[in-house]
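Laboratory data are not the source of any read-out in this text; all were calculated from the coordinates shown. In this text, all values refer to a predicted model and were calculated from it rather than measured experimentally. Methodologically, a virtual Cβ is constructed for each residue, glycine included, from the backbone with ideal geometry; neighbour enumeration extends over all protein chains shown.
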Amino acid sequence: MHKIIDLPTPPPLAELAAGRAVALFLDFDGTLVEIADTPEGIHVPDGLPARLDALHRMLDGRIAIVSGRAIADIQSHLGALDVLMVGSHGAEIGKAAEPETILSDASRAAIAALAAEWPRLLVEAKPHGIAVHYRQEPDAAPAVLQLMDDMAAREGLAARRGKMVVELGPKSANKGAAVTSLMAAPPFAGALPLFIGDDVTDEDGFAAVDAAGGSGILVGAPRPTAARYRLPDPEAVHQWLIP
């Protein structure tokens, strides 16, 4: 089990990249943008898309956004970029996927009943899963977590808990598996991998880059983590990426 200790600030990106190719894997919510009350409520800082494109050129394409959001959702906020997109916790790599039904009618009905009981729950359908956000219904957390855990066990899915959200999706898809797959092929192969993320769903990514000789960078307050470094917030991430 990881202990709660504060972590050092990562060395400057230019220093890490000196003499060796670097590959960057970036979470989106809580890392590149501040978390909002709803997924649609985020604010994309001015200049962020241009900054990401500049990094794509600087790193010869060795950069990817690795998010729980669907690729189409990320693109709706960032526009058309050359940066590789990995969505739905790794179930989508490089291109948006067609929606598929992963839940039985009984499970969908159970989620609908829970949402009717707690009207401020946000149920978000994704191409390879479904998420229930309880940021605006914090008292519903025990009921949400129990229902989603029960459905995951019954349907053979993974229940991924994040910040005030739990999502059902394929067991085979996670951010670590996506990073490992990308690191096996150009342009990422052989590079020093760095994964930057804020949530517990990013721990798979931290573990994957650690296994490949790289480092994870936690964003936010200290907590148990496999990351080696920490930055306090998305603004600090932006400044670290391109001072």
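Taking amide hydrogens as modeled 1.01 Å from N in the peptide plane, which residues meet the under 5 Å criterion relative to residue 126, leaving out close sequence neighbours?
Under 5 Å from the amide H of residue 126: 131.
I need the shape label for the stretch 175-243. Rule: rounded when a/c is under 1.5, else prolate if a/b > b/c, else oblate, with a, b, c from the alpha carbon gyration tensor.
On the way: a/c = 2.30, a/b = 1.44, b/c = 1.59.
Taking the square roots of the gyration eigenvalues as a ≥ b ≥ c, the stretch 175-243 is oblate.
Need one word for the stretch 88-141: rounded, prolate or oblate. Basis is the Cα gyration tensor (sqrt eigenvalues a ≥ b ≥ c); a/c below 1.5 gives rounded, then a/b vs b/c decides. If you can, show how the numbers build up before the last one.
Working: a/c = 3.43, a/b = 1.68, b/c = 2.04.
Taking the square roots of the gyration eigenvalues as a ≥ b ≥ c, the stretch 88-141 is oblate.
Within 10 Å, count the other beta carbons around each residue, average over each peptide in 20-30, 157-167, and list them highest first.
Values: 20-30: 22.2, 157-167: 19.1.
Top of the packing list down: 20-30, 157-167.
Treating only the Cβ atoms of Lys and Arg (+1) and Asp and Glu (-1) as charged, compute the dipole magnitude of the chain about its Cα centre; round to the nearest 20 debye. Can you show the working numbers first?
On the way: 20 positive and 32 negative charges, 125 e Å.
Here the chain has a charge dipole of around 600 debye.
Among DSSP beta bridges lying fully in the chain, give the percent that are antiparallel, nearest 5. Write down the numbers at each step before the final one.
Details: 16 of 35 bridges.
Counting only bridges with both partners in the chain, antiparallel ones make up about 45 percent.
On C-alpha positions alone, give me the angle between the axis of helix 105-117 and the longest principal axis of the chain, in degrees, nearest 10.
The angle comes out near 90 degrees.
Go ahead and estimate [θ] at 222 nm for the chain from helices alone: -39,500 (n - 2.57) per DSSP H run with n ≥ 4, summed, over the residue count, rounded to 500.
Numbers: 8 runs with 78 residues, N = 243.
Using -39500 (n - 2.57) per qualifying helix, the result is -9500 deg cm²/dmol.
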